[in-house]
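Structure record follows, encoded as structure tokens.
Please treat every number below as a calculation from the coordinates, not as lab data. Predicted model, so just to flag it, every value in this text is computed and none were measured. So basically every Cβ, Gly included, is an ideal-geometry build from the backbone, and we count neighbours across all protein chains shown.
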Amino acid sequence: MKQRLLSIGECMVELTDLTLMSQNKGFSLNKGFAGDTFNMAFYARLALPQDWAVDYYTALGTDALSAEMRDFMAHHNIGTSYILEREGSLPGLYLVHVHEGERSFSYWRSQSAARQLASEPAHLKQALDDASVVIFSGITVAILPPQDRAPFLAAVREVKNSGREVVFDPNIRLRLWDDLDQARVLLTQAAQCATLIMPSFEDEALCFGDSNPAQTIARYRALGLDHIVVKQGAEGITLLRAGETHFLPASPVAHVVDTTSAGDSFNGTYLARLLAGDDPLTAARFAADVASFVIGQKGAIVAHPLKPF
Ligand code: ADP
């Protein structure tokens, strides 16, 4: 049977306001689709051998935008057959404002269809049972209604208990949580469902008060994790694997255009290369090269020309 990577979360409609960029008198928007766990699936797909299937799990509506999003995924060779359909719900949306090179974001996601992704436990279980490897993030958990969070985490935990790989990026967005305590408790529970955790040091410092990456590693290690990649932006990463810690510098970037998706492209590529048989440092070096290419381009989804084979 084909090996299958399943990524779970929310993909949104991304609208970029081109009005100021193009000095247009009228209004002009560019439409795309993106979201952390979808971006990871996209980059994993690019770096995985073809004997792997990559599927996305979310909930969408039955509207035209939801249909376009599915087509977009399928076009990039990402399976959509597990996606739940919720009549009357719509995908979440965000608008990227670009002003004098600075990007800022406005979100409309509080009613998005993706919030219902764990509303059919039997369907979720089937998708998880069919997966060889699962990806989820702190955003995946944060967007769920409170009553769906524990059952969702229990279902993911089953994947770990069965000996399969579960990858978790806490991707901490404090505005999606009620308060800091809630974020800390749930992100810690989510981390315990994973076999590989890929946090951003900047986020962890804000949420958990870590003063350096070694503290982040020690905290997750104390929860039983032995595969940890702490991302440190332009500095690089600190990696713990098989009891050994390594620091790997970022790959140089001639001109940083847009850092959106740096972490997602790193995560997806790192995981893909591990699954293809690379050792962690080789996989991390390749992932750093991909991330540096991605941040030299505009947008979250960038088809890069780098080939691992
Ligand atoms: P996240 O988006 O999750 O916060 P980071 O910003 O830490 O992730 O970036 C992930 C990876 O992307 C880094 O480890 C590095 O390889 C690369 N990267 C990010 N920012 C830069 C930069 N300014 N220059 C070079 N590489 C970068």
Exercise for review: Report the Stokes-Einstein translational diffusion coefficient (µm² s⁻¹, integer) for the range 17-120, Rh taken as the Kirkwood radius over Cα pairs, at 20 °C with viscosity 1.002 mPa s.
Suggested key: 140 µm²/s
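Among DSSP beta bridges whose residues both lie in the chain, state the antiparallel percentage, nearest 5.
Approximately 50 percent, going by the DSSP bridge assignments.
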Practice item. Provide the three semi-axes, in whole Å and in decreasing order, of the ellipsoid equivalent to the chain as defined by the square roots of 5 times the Cα gyration tensor eigenvalues. Key: 27, 24, 20
Check your understanding: For the range 107-201, what is one quarter of the convex hull surface built on the Cα atoms, given in nm²?
Key -> 6.1 nm²
Exercise for review: Subtract the Cα-Cα distance of Asn77 and Lys2 from 0.36 nm times their separation in residues, and report this length gain in nm to one decimal.
Suggested key: 25.6 nm
Review point. Between Ala250 and residues 5 or more places away or on another chain, which pairs have amide H atoms under 5 Å apart, with H built 1.01 Å from N, and which residues are they?
Key: Gly236, Ile237
Point to revise | Overall Cα dimensions of the range 41-86 - principal axes, largest extent first, Å | key: 33, 15, 13
Exercise for review: Sort Val253, Val229, Val156 so the one with the fewest other Cβ atoms within 10 Å of its own Cβ comes first.
Suggested key: Val253, Val156, Val229
Check your understanding: Can you give the extra length, in nm with one decimal, that the chain gains between Arg164 and Ser28 once fully stretched, where that is 0.36 nm per residue apart less the Cα-Cα distance?
Key -> 44.4 nm
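Would you mind giving the three semi-axes, in whole Å and largest first, of the ellipsoid equivalent to the range 45-182 according to its Cα gyration tensor?
24, 20, 17
Calculated from DSSP H runs of 4 or more alone, at -39500 (n - 2.57) each and per residue, what is the 222 nm mean residue ellipticity of the chain, nearest 500? Numbers along the way, then the final one.
Values: 10 runs with 113 residues, N = 309.
Helix contribution divided over all residues of the chain: -11000 deg cm²/dmol.
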Review point. By count of other Cβ within 10 Å, fewest leading, how are Met12, Met40, Met198 ordered?
Key: Met12, Met198, Met40
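Mind checking the dipole of the range 12-118: about its Cα centre, +1 per Lys or Arg Cβ, -1 per Asp or Glu Cβ, Debye to the nearest 20?
Working: 8 positive and 12 negative charges, 29 e Å.
Result for the range 12-118 is approximately 140 debye, rounded to the nearest 20.
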Practice item. Could you run the Karplus curve 6.51 cos²θ - 1.76 cosθ + 1.60 with θ = phi - 60° over the range 241-257 and give me ³J(HN,Hα) per residue in whole Hz, x for Gly and Pro? Key: 8, 6, x, 10, 9, 10, 10, 10, x, 5, 7, x, 10, 4, 8, 6, 9
Study note, to complete from the structure: In whole angstrom, the spacing between the Cα centers of the range 58-102 and the range 198-263 equals 29 Å
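With the cut-off at 30 Å, tell me which of the pairs Lys231/Lys298; Lys125/Lys298; Lys2/Lys298; Lys160/Lys298; Lys2/Lys307 have Cα atoms farther apart than that.
Checking Cα-Cα distances, Lys125/Lys298; Lys2/Lys298; Lys160/Lys298 exceed 30 Å.
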Practice item. Could I have the simple spin-label model distance between Tyr94 and Gln297, label points 7 Å from Cα toward Cβ, reported in nm to one decimal? Key: 1.9 nm
Review point. What does a probe at Leu206 reach in the range 91-128, counting residues whose amide N is under 12 Å from the point 7 Å along Cα→Cβ?
Key: none
Check your understanding: In what order do Thr238, Thr80, Thr282 fall by count of nearby beta-carbon atoms within 10 Å, going from fewest to most?
Key -> Thr282, Thr80, Thr238
Review point. For the chain, modelled as a GNM with alpha-carbon contacts under 10 angstrom, which of Lys160, Lys125, Lys298 fluctuates the most?
Key: Lys298
Check your understanding: What list of ³J(HN,Hα) values in whole Hz, one per residue of the range 119-124 in order, does the Karplus curve 6.51 cos²θ - 1.76 cosθ + 1.60 (θ = phi - 60°) give from phi, with Gly and Pro shown as x?
Key -> 7, 10, x, 5, 5, 4
